[in-house]
1. Using beta carbons and a limit of 7 Å, which pairs, at least six apart or on different chains, have the first residue in the stretch 157-183 and touching a residue at least 24 places away in the same chain (Cβ under 8 Å) and of a type in the set (D, E, K, R) and the second one open to solvent by less than 30 Å² (accessible area, probe 1.4 Å) and part of a helix (DSSP H, G or I)?
2. For the stretch 686-697, which residues satisfy the criterion of being open to solvent by 10 Å² or more (accessible area, probe 1.4 Å) and either in contact (Cβ under 8 Å) with a residue 24 or more places away in the chain or part of a helix (DSSP H, G or I) (or both)?
3. Hey, could you check the stretch 552-573 for residues that are open to solvent by 60 Å² or more (accessible area, probe 1.4 Å) and not polar (S, T, N, Q) and say which is nearest to Leu639 (Cα to Cα)?
4. For the stretch 248-307, which positions are in contact with a Pro (Cβ under 9 Å, 6 or more places away or on another chain) and more than 16 Å from Thr334 (Cα to Cα)?
5. Given the structure, is Ala300 under 17 Å from Thr362 (Cβ atoms), of a type in the set (Gly, Ala, Ser) and either at pLDDT 95 or above or not in a loop (DSSP other than H, G, I, E, B) (or both)?
6. How do the pairs read when you match residues in the stretch 271-283 that are in contact (Cβ under 8 Å) with a residue 24 or more places away in the chain and at positive phi with residues anywhere that are in a helix (DSSP H, G or I) and open to solvent by less than 20 Å² (accessible area, probe 1.4 Å), using Cβ under 6 Å and keeping only pairs 6 or more apart or on different chains?
7. Listed residues Lys458, Lys478; which is touching an Asp or Glu at 6+ places or on another chain (Cβ under 7 Å) and open to solvent by 20 Å² or more (accessible area, probe 1.4 Å)?
8. Does the stretch 221-234 contain any residue that is open to solvent by less than 60 Å² (accessible area, probe 1.4 Å), more than 20 Å from the chain's Cα centre (by Cα) and more than 15 Å from Gly251 (Cβ to Cβ)?
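The values are calculated or read from the model by the stated rules, or taken from the named source; none is laboratory data. Because the structure is predicted, anything quoted here is derived from the model rather than measured. Neighbour counts are summed over all protein chains in view; Cβ atoms, including those assigned to glycine, are modelled from backbone coordinates with ideal geometry. Side chains included, ligands, DNA and RNA excluded: accessible areas come from the protein's heavy atoms. Shrake-Rupley method; radii C 1.70, N 1.55, O 1.52, S 1.80 Å.
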Amino acid sequence: MKTSISIQDSLLPFLPLLYIAWADGILEKHEIDYIKNQIDDNNTITDATKQLISKWLDPSHPPSARELVYWKKYIKQHADVLDLSEKQDLYSLGTVLAKKPNLEEWANEKTKQSLQQIENYLGVSSHEAIRFIDDFNPALFKVDSNLKRSEAPYSKALKTLLQHGNTDLKNKVQSILDPHKEEIESHSEDLYSRREKVLQWTQELADAGLGKLAYPSAYGGSDSMVQYAAVFEEMAKYDLSLTIKFGVHFGLFGGSVESLGTNYHHDKYLKDIGTMALPGCFAMTEMHHGSNVKALQTTAIYQPDDQSFIINTPTHNDRKTYIGNAAMHAQMATVFAQLIVDDEEHGIHAFLVPIRNKQGATMPGITIGDNGHKMGLNGVDNGTLHFNTVKIPKENLLNKFGDVDEEGQYTSPISSSSRRFFTMLGTLVGGRLCVPIAGNTAAKKALNMAVYFALDRKQFGPPGKPEQSIMDYPTHQKKLMPLIANAYAYDFAHEHLLREYTSHSDHDAQEIEALAAGLKALSTWNATDTIQTCREACGGKGYLSEMYFDRLKADMDIFMTFEGDNTVLLQLTAKSRLTYFKKQFGRMDWWDTLKYISNIASTNLTELNALVTRDTSQEHLLGDEFQLAAFTYREEYSLRTLAMRLNKKIKSGMDSYEAFLDVQVHLIDMASAYIDRIVLEQFIGAIKKQEQNSVKEVLTSLKNLYALHRIEEYKGWYLEHDYISGSKSLAINKLVSKLCKELKEESQHLVDAFDIPAHMTATALKFY
């Protein structure tokens, strides 16, 4: 065949690599550098060949569409052993093409490894390499290079900001999980195989020292909950089953030993937990008692004769259930049970109970069940545990907050059983920090897919003109832009809470727990809504498993329930705020009370006067002062009126439990308003810390959209309470639409900062 396009023989084996690399658009600089480094470091490839490859990777002279078509045709003509049913990687393809010139430099293990590493870095699944070449149509697959590859002035700084100082650690997680991406994204495995693979990946992360980061340095850790949370967040980009498996073992099981145990337990168990030599689970929830931990029925009765405890499950309905790691892998469980000494109950305590030996056989007196196939998270082996008079040594009581002495007497540094109970649970708040972080990452992944799809997908257009991007439509902008703003808002709120929780400053533990509970609820609800909206925004393609939405939807659903049901958690937050309110009033004398009433009157004068409620200027609406004032007013008004309702009901003779039940809906509304205010404050605080103006500007636009869209969602409340006028409500609506349109231009850069692996993004740009 005569053609003006020629390829030197030494380049032929590398043709599949070059074709795959260029076929989906212009290569990024880091991709070009990576390919060149892999080739340059290969001393089995001649310098002449390296120079040719470098020439063909020049971004200023990318191959033309005609050259791409020729490359494709050449590969298909000469690779006559292609078999779509077999896995074929770039090395295998190159080997076929190398037979023609008989290049000795090609057939070696070093070149094979280089090509495989390049393949992984570019996000090309080896089993798709042949099919990709076979199906490729430049006209259908072409991506606008300006759309896909441009950078904004703030791009690098924004991405770095969202790493929160953990870039190297997150890259380490990616380097461990990237080679498993084909298996991670498989949809054809049975339950057993999936669980075993998730266990394997968890072990690899443990072998890299990533599971024990939150543990004390004396036991191989880094004393860093912040680093542990960063690993947790990064795993969520790949597989939420892996994230939860990791969290159950290192966070819940290991965390309970570290937080509720003493030096004896730390010395005996933490190193083995950190390496997964001792896999464990966290057995709190019971079938009939769920979130009501105080009412758990499992008992731990002290036996003075031999200084032991008997763990017992009274009835089948009291068995531990939904316990991650229990069905297949755990050897030990942290079991929460009612501690009974000499017939006296001392409330819920935690005990270490062996449930399997090292060979995997179930220990005597223990019945282990399997919860079976679930809606999602099927890489986690959730199971049930039933204890029939299981004897454990006295030392297996995690005794930091309660113990039995040598004389058989119960002792505790905390005299109040109620306060002791909440102190014990408070030490385990780390799970409520990490779960919403993972959920927000799932939302970011969904947004990444939806934004890239929307920017490239064309549909409809003016008569006689080309179709336009669906992101140009205001309805699409209104779907996605506020959700991007939410993802950023919750990111900064999570980071604030994590830093507060891990700081050594004097903070109110109850306030931290209340904030963690409420933020977990609102953040995970937002993530679920985000994933569903993004799925719809991608139309029929969004229904394909390759777009990840099916697994994201299925895996995220349980986030609303575990680590505390969201509605129950918001009630906990609300009760904490009421306690705070009551304490404030309890310290007030008549003069303080007068000042408090005066402050309310002052708010009415400054925020509820006609000039302010009708102010529709952009300067006013986009100001931190108005937005914070609006959020604070809703929170404080809800708190004040809720306290008044409760006080009135209790004074009229209603039982306090019935009174709380009667105002349950108001509890949820007030707690939500409190969390909204905290999130906005942290967003504003994050912006103030930025030094680069371009970062400040784009974050300010996102903050404005988050705040105004939230006010728009609650405009009925604000209108009912005369905080805004009808004209101001309309002005806010228009401004939200304006911000959505402006941020649409930044949408690609905003989701790029989420650092979702490139091979996932590529899926959204494939049309075939």
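1. Lys170/Gln163; Lys170/Ala230; Lys170/Glu234; Lys181/His759
2. Filtering the stretch 686-697 down to residues open to solvent by 10 Å² or more (accessible area, probe 1.4 Å) leaves 686-694, 696-697.
If the condition is that a residue be open to solvent by 10 Å² or more (accessible area, probe 1.4 Å) and either in contact (Cβ under 8 Å) with a residue 24 or more places away in the chain or part of a helix (DSSP H, G or I) (or both), then Ala686, Ile687, Lys688, Gln690, Gln692, Asn693, Ser694, Lys696, Glu697 are the ones that fit.
3. This residue is Leu572.
4. Answer for the stretch 248-307, where residues must be in contact with a Pro (Cβ under 9 Å, 6 or more places away or on another chain) and more than 16 Å from Thr334 (Cα to Cα): Asp306, Gln307.
5. Values: under 17 Å from Thr362 (Cβ atoms): no; of a type in the set (Gly, Ala, Ser): yes; either at pLDDT 95 or above or not in a loop (DSSP other than H, G, I, E, B) (or both): yes.
Against the criterion (under 17 Å from Thr362 (Cβ atoms), of a type in the set (Gly, Ala, Ser) and either at pLDDT 95 or above or not in a loop (DSSP other than H, G, I, E, B) (or both)), Ala300 does not qualify.
6. Met276/Ala206
7. Working: Lys478 fails: touching an Asp or Glu at 6+ places or on another chain (Cβ under 7 Å).
None of the others qualify; the one that does is Lys458.
8. no
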